[in-house]
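To start, the structure under review is shown below, and the notes come after it.
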Amino acid sequence: VQLVESGGGLVQAGGSLRLSCAASGRIFSAYAIGWFRQAPGKEREFVAAISWSGGSTNYVDSVKGRFIASTDNAKTTVYLQMNSLKPEDTALYYCAKGGKAYYSDYDLYDYWGQGTQVTVSS
């Protein structure tokens, strides 16, 4: 399994970005893709997850109502639409393969992308 993130960048507070996670290899509908982020000096934090079928989603409270996870029709790419961005959203964002969308512990995710940087200026 290979996961490649893209879409990060620099945006002003209140702006939007859409991250992509392109998957290749043995990805089955039973899996889920999670989004995590890590800011300098902080622990890796769960952000959101979506079942590969798109039927189940899970979000950390701090992004509920602002971030939306989705999959494309071909089920090869997972997206994280990030709206109303705040400076505290600044971090390196990773996608990872897990078993269930309700998994929020990074130990339960076994394949990881390289990360894409999101910087939100105030």
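Of the strands (runs of 3 or more DSSP E) lying entirely inside the stretch 1-104, not one carries at least 3 residues that are in contact with a Gly (Cβ under 8 Å, 6 or more places away or on another chain), among the basic types (Lys, Arg) and closer than 21 Å to Ser122 by Cα. Scanning the stretch 84-102 for residues that are aromatic (Phe, Trp, Tyr), open to solvent by 10 Å² or more (accessible area, probe 1.4 Å) and at pLDDT 95 or above yields one hit, Tyr94.
Every residue, every condition in (1) within 17 Å of Tyr109 (Cα to Cα); (2) of a type in the set (D, E, K, R); (3) in contact (Cβ under 8 Å) with a residue 24 or more places away in the chain, yes or no:
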{"site": "Glu5", "(1), (2), (3)": "yes, yes, yes"}
{"site": "Gly41", "(1), (2), (3)": "no, no, no"}
{"site": "Trp52", "(1), (2), (3)": "yes, no, yes"}
{"site": "Asp61", "(1), (2), (3)": "no, yes, no"}
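The residue that is surrounded by the fewest Cβ atoms within 10 Å (Cβ to Cβ), counting only those in the stretch 64-77 that are small (Gly, Ala, Ser) and touching a Ser or Thr at 6+ places or on another chain (Cβ under 9 Å), is Gly65. Do you know which of the residues in the stretch 11-52 that are of a type in the set (S, T, N, Q) and within 16 Å of Cys95 (Cα to Cα) is surrounded by the most Cβ atoms within 10 Å (Cβ to Cβ)? Per the criteria, the residue is Ser51. With respect to the conditions (1) open to solvent by less than 30 Å² (accessible area, probe 1.4 Å); (2) modelled with pLDDT under 95; (3) in contact with a Lys or Arg (Cβ under 7 Å, 6 or more places away or on another chain), Val1 lacks only one, and its number is (1). Residues in the stretch 23-53 that are under 15 Å from Gln117 (Cβ atoms) and in contact with a helix residue (DSSP H, G or I) (Cβ under 7 Å, 6 or more places away or on another chain): Phe36, Arg44, Val47. Residues that are in contact with a helix residue (DSSP H, G or I) (Cβ under 8 Å, 6 or more places away or on another chain) and either at pLDDT below 95 or basic (Lys, Arg) (or both) do occur in the stretch 107-122, at least one of them. Any residue at all in the stretch 56-63 that's among the charged types (D, E, K, R), under 19 Å from Gly8 (Cα atoms) and open to solvent by 70 Å² or more (accessible area, probe 1.4 Å)? No, because not a single residue in the stretch 56-63 is among the charged types (D, E, K, R), under 19 Å from Gly8 (Cα atoms) and open to solvent by 70 Å² or more (accessible area, probe 1.4 Å).
The values are calculated or read from the model by the stated rules, or taken from the named source; none is laboratory data. These numbers come from a predicted model, not from an experiment. Cβ atoms come from the backbone with ideal geometry, glycine included; neighbour counts cover every protein chain shown. Accessible surface is based on the protein model in full, side chains and every heavy atom, while ligands, DNA and RNA are left aside. Shrake-Rupley method; radii C 1.70, N 1.55, O 1.52, S 1.80 Å.
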